[in-house]
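The structure appears below as structure tokens.
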Amino acid sequence: MFTFEKLYSMGHEEVVIFCEPTSGLKAIVAIHDTTLGPALGGTRMWPYATEEEAVEDVLRLSKGMTYKAAISGLNLGGGKAVIIGDPKKDKSEAEKPASEGVKAEPKKEEPKVATPKAEPKKEEPKKK
């Protein structure tokens, strides 16, 4: 069960819950620690069974990001966001390519054309 005491005991600086009824967005952002710098972390979209499960996960993940940044020697803190939803069903068409990894075709190289090298200028002897 989620309690404020649990939130306080894990050392989080801020937890924000977002909901937008029109789109059905349900998201939670947790900032664990910014002692070393701004929070570093990504977003996880997962079909959590309950909101409590999502809160537990974002708290755990954001705390983990604090440790990852610190052990890596980065001047960053830890944060994380979770979106409650099934990534296979709930993402918009615009989001899917970004989340699945865009498979870009390799850039075709233009044929290289040899260009003649300019002859170095010969310096004239200095007149006295």
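The values are calculated or read from the model by the stated rules, or taken from the named source; none is laboratory data. Quick caveat, the model's predicted, so the values are computed rather than measured. Here Cβ is always computed from backbone atoms with ideal geometry, including for glycine, and neighbour counts include all displayed protein chains. Only protein heavy atoms, including side chains, enter the accessible area calculation; ligands, DNA and RNA are left aside. Shrake-Rupley method; radii C 1.70, N 1.55, O 1.52, S 1.80 Å.
Worth a mention:
- Count of residues meeting criterion [out of contact with any Lys or Arg (no Cβ under 9 Å at 6 or more places or on another chain) and either part of a loop (DSSP other than H, G, I, E, B) or open to solvent by less than 60 Å² (accessible area, probe 1.4 Å) (or both)] in region 1-14: 5
- Enumeration of residues in region 30-75 that are in a strand (DSSP E or B), in contact with a Leu (Cβ under 9 Å, 6 or more places away or on another chain) and more than 24 Å from Lys91 (Cα to Cα): His32, Ala39
- Looking across region 77-96, the residues that are more than 21 Å from Tyr8 (Cα to Cα) and at pLDDT 55 or above come down to Ile83, Ile84, Gly85, Asp86, Pro87, Lys88, Lys89, Asp90, Lys91, Ser92.
- Residues located in region 34-57, provided they are over 14 Å from the mean Cα position of the chain (by Cα), open to solvent by less than 40 Å² (accessible area, probe 1.4 Å) and either of a type outside the set (Ser, Thr, Tyr) or under 14 Å from Glu13 (Cβ atoms) (or both): Gly37, Ala54, Val55, Asp57
This table checks each residue for (1) under 17 Å from Leu7 (Cβ atoms); (2) at pLDDT 95 or above; (3) not small (Gly, Ala, Ser).
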residue: Glu52; (1), (2), (3): yes, no, yes
residue: Asp57; (1), (2), (3): yes, yes, yes
residue: Ser62; (1), (2), (3): yes, yes, no
residue: Met65; (1), (2), (3): yes, yes, yes
residue: Ala69; (1), (2), (3): no, yes, no
residue: Ser72; (1), (2), (3): no, yes, no
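- Answer residue from region 8-38, given it is touching a helix residue (DSSP H, G or I) at 6+ places or on another chain (Cβ under 7 Å) and hydrophobic (A, V, I, L, M, F, W, C) and is nearest to Val82 (Cα to Cα) among those: Ile28
- Residue, farthest from Gly41 (Cα to Cα), within region 15-29, restricted to residues that are out of contact with any Ser or Thr (no Cβ under 9 Å at 6 or more places or on another chain) and outside any loop (DSSP other than H, G, I, E, B): Glu20
- With respect to the stated conditions, Ser99 fails to be under 17 Å from Lys26 (Cα atoms), modelled with pLDDT under 95, open to solvent by less than 100 Å² (accessible area, probe 1.4 Å) and of a type in the set (Ser, Thr, Tyr).
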